[in-house]
1. Quick one: which strands (runs of 3 or more DSSP E) sit completely within region 43-140 and have at least 1 residues that are in contact (Cβ under 8 Å) with a residue 40 or more places away in the chain, small (Gly, Ala, Ser) and farther than 18 Å from residue 160 by Cα?
2. Quick check on region 145-164. Is at least one of its residues closer than 29 Å to residue 38 by Cβ and modelled with pLDDT under 90?
3. Which of the numbered conditions does residue 129 fail, given that it passes all the others? Conditions: (1) out of contact with any Phe, Trp or Tyr (no Cβ under 6 Å at 6 or more places or on another chain); (2) surrounded by 13 or more Cβ atoms within 10 Å (Cβ to Cβ); (3) at pLDDT 95 or above.
4. Run residue 141 past the list (1) closer than 27 Å to residue 51 by Cβ; (2) touching a Leu at 6+ places or on another chain (Cβ under 7 Å) and report the number of the one that doesn't hold.
5. Which members of region 103-126 meet the condition of being charged (D, E, K, R) and surrounded by fewer than 15 Cβ atoms within 10 Å (Cβ to Cβ)?
6. Among the residues of region 27-73, write down those that are among the hydrophobic types (A, V, I, L, M, F, W, C), modelled with pLDDT of 95 or more and more than 22 Å from residue 124 (Cβ to Cβ).
Amino acid sequence: MTRIGLRSLFLMWLVVAGPVPAWAQWTAVGSTGTVDDASKDIYDTTTSAIQILSSAPLPATLDVRYNVVEVEGVAGPVVLRVRYRDNSGGGRVLARLRQVNLSTGVNTILAVVDSETFGTSGDFQLRADTTCPVAVDFVNNAYYVDVRLEKWSAGALPAVQAIQVRRTLCIS
């Protein structure tokens, strides 16, 4: 096929399929999540992050949910990315992208970012689920990110500053 033929074919594909934003994404800062009632007295959101209070009785668990809404271009393969802090072996940050099927109600975990998988750091770090991206379908499913902060040591400072569900390509 000639260069002109390939170019014409590509332009026709764009007209039919429409342009897709290359970096389409849904994002949330940690402080905007919905906290379980059982955790209402143990967290702080004075910055963009959400964290367990240093004065919280140990062990402490904070469960937070973030509703993922459809954003143009966020369909097909996506990856879960989380900016979090886990400064010691006395805490944990666990984030899971979940899918709820609208017809059956089945709740499925699609992607996981677990601080236990990565090294500890006193600074916030950005990590992603390293498995091949998963496909999302907002016509038949609803999505949310379920975050759990755990603290069982006084020096632990687990926190989440930002979450992103981002369109990506699967290269395996």
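The values are calculated or read from the model by the stated rules, or taken from the named source; none is laboratory data. Note that this is a predicted model, so its numbers are computed, not measured. Here the Cβ is made from the backbone with ideal geometry for all residues, glycine too, and neighbour counts use every protein chain on show.
1. Where strands (runs of 3 or more DSSP E) fall fully within region 43-140 and carry at least 1 residues being in contact (Cβ under 8 Å) with a residue 40 or more places away in the chain, small (Gly, Ala, Ser) and farther than 18 Å from residue 160 by Cα, they are 76-86, 134-136.
2. no
3. Status for residue 129: all satisfied but (3).
4. Evaluating residue 141 over (1) closer than 27 Å to residue 51 by Cβ; (2) touching a Leu at 6+ places or on another chain (Cβ under 7 Å) leaves (1) as the failure.
5. Once the filter is applied, which keeps residues that are charged (D, E, K, R) and surrounded by fewer than 15 Cβ atoms within 10 Å (Cβ to Cβ), region 103-126 yields 116, 123.
6. 58
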